[in-house]
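Accompanying notes for the structure given below.
The values are calculated or read from the model by the stated rules, or taken from the named source; none is laboratory data. The structure presented is a predicted model; accordingly, all values stated were derived computationally and were not measured. Ideal geometry is used to build each Cβ from the backbone, glycine not excepted, and the neighbour counts take in all protein chains shown. The protein model used for the area step is the full one, side chains on, heavy atoms only, and it has no ligands, DNA or RNA in it. Shrake-Rupley method; radii C 1.70, N 1.55, O 1.52, S 1.80 Å.
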Amino acid sequence: MNILGIMSGTSCDGLDLCNVKIDINKDYNFNYEILNFFTIPFSDIEKKFIFSLRNHDNYTNKENEVELTNIFINKIKKFCSNLNQIDYIACHGQTVLHIDKKISIQLFDAKYCFEKLDIPIIYNFRNNDIKYGGTGAPLMPFLDWLLFSNKSEDIVTLNIGGIANISHIPKSGKRDEVLGFDVGPGMCLIDLASKLLFDFECDFNGRLSDNGKVIEDLLNDLLSIELIKSSPPKSMDIVDFDKNLMNKILNKFPKINERDLLRTLVQTTIESIDYNISKYLKLADKSFELIFSGGGTNHPIVKSSFIEKGYNVKMISDYGIDSSIKEALLIAALGACRINNLTSNMPKVTGASSKCLLGDVYAG
């Protein structure tokens, strides 16, 4: 089947679209061919609107959900000139609220999208896992298991978006032994500080943090945050590391050099990942492959720091997958599983009581 996987992350940089031909059977033998992919950036106006949807009054307004869906539809049409080639659209929607084990809201009007494009829509990928007592996130360990379960060595994947998450695919390849969880801030605090302090969207190529120094007192404060230290299963949202936290930092360290602050935030991302790998994966050494994906893994300080720490760093591109499209490929894979009535949650990852189908289907 040809599925268009669609993902918009918490950073709201743009809409990831991946048109992929997928064949997956009841034994989870996964074959895929990526036909086309692209990330279409959000305009400044679109980005401001999407960020505004995190306000309760805004995301509960149905008109706003339709407007968001129209933004997605316009980008789908721009991406794919011949929609007749698409059998299904699998769309994650835009996360506007995520509270661990309680609720996860992804805005997207599947009915409206179907009426405009006349293609069956697969959506709402988190809530069934939550109904079974799980965290509903992260979803990525499922794709990592599909991709790497046939390797005869331990694999750890690291995805750094707004939030950083890891997956451990054991050398046994067994689904029930896969671990995966959010570990702390990825780029969300770094992006926030870049915008507030320097009026840049991000710390591109480390140009803002490269000349800063790590402030140990601040680093220790941030690494003591309970979400970072707590044991899995756990999932996080960028609201856990937002302006409220930034204001606390600035109030406690009013004279901190701005570049030192940014450099310390970069180190917080690095150390929270390293802590969680060492503390909760319990691997004997660092000989396993640590496979990078996500925009944050392109940050030069992040990458060099893990190499310096002795990790065997690989890029997801070494396995023929463009880092920018991995999340959209995940959504397409989840969509294919839903159509084939295959469970795709990972109970050991999320804490759910059992395996279950993820996603709803709207086809008129």
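Can you tell me the FRET efficiency between residue 223 and residue 48 if r is taken as the Cβ-Cβ distance and R0 is 30 Å, rounded to the nearest 0.05?
0.40
Sort 219-226, 65-72, 136-143 by packing, meaning the average of other beta carbons within 10 Å per residue, with the highest value first.
Numbers: 219-226: 14.2, 65-72: 18.4, 136-143: 25.6.
Descending mean neighbour count gives 136-143, 65-72, 219-226.
Over the stretch 210-364, give the accessible area per residue in Å² for a 1.4 Å probe, as an integer.
44
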> How are the Cα pair distances of the stretch 201-247 distributed, in percent, across 5 Å bins from 0?
Replying inline: 5, 15, 17, 24, 23, 12, 4, 0
>> Give the separation of the Cα centroids, the stretch 1-64 to the stretch 210-232, in Å.
In response: 31
> Expressed as a whole percentage, what fraction of the accessible surface of the chain belongs to carbon and sulfur atoms when a 1.4 Å probe is rolled over the protein heavy atoms?
Replying inline: 47
> If exposed trypsin sites (Lys or Arg not before Pro) are those in a DSSP loop with at most 11 other Cβ within 10 Å, what is the longest stretch of the chain that has none?
Replying inline: 103-254
> How big is the gap, in Å, between the Cα center of the stretch 289-315 and the Cα center of the stretch 81-159?
Replying inline: 25
>> At 0.36 nm per residue, and after removing the present C-alpha to C-alpha distance, how many nm does the segment from residue 29 to residue 317 gain when stretched out fully?
In response: 101.6 nm
> Can you list the lysines whose alpha carbon is less than 21 Å from that of residue 75, not counting same-chain residues fewer than 8 positions off?
Replying inline: 21, 47, 48, 62, 111, 116, 326
>> Can you tell me how the stretch 275-364 classifies by the Cα gyration tensor, rounded, prolate or oblate, using a/c under 1.5 as the rounded cut?
In response: oblate
> What size of dipole, in debye to the nearest 20, comes out for the stretch 1-75 about its Cα centre when the only charges are +1 on Lys and Arg C-beta atoms and -1 on Asp and Glu C-beta atoms?
Replying inline: 20
> For Kirkwood radius over Cα pairs in Å, the listed values are [x] 20.8; [y] 23.9; [z] 24.6; which was obtained by calculation from the structure presented?
Replying inline: [x]
>> Are there any chymotrypsin sites (Phe, Trp or Tyr not before Pro) in the stretch 164-229 that are in a DSSP loop and have at most 15 other Cβ atoms within 10 Å? List them by number.
In response: 200
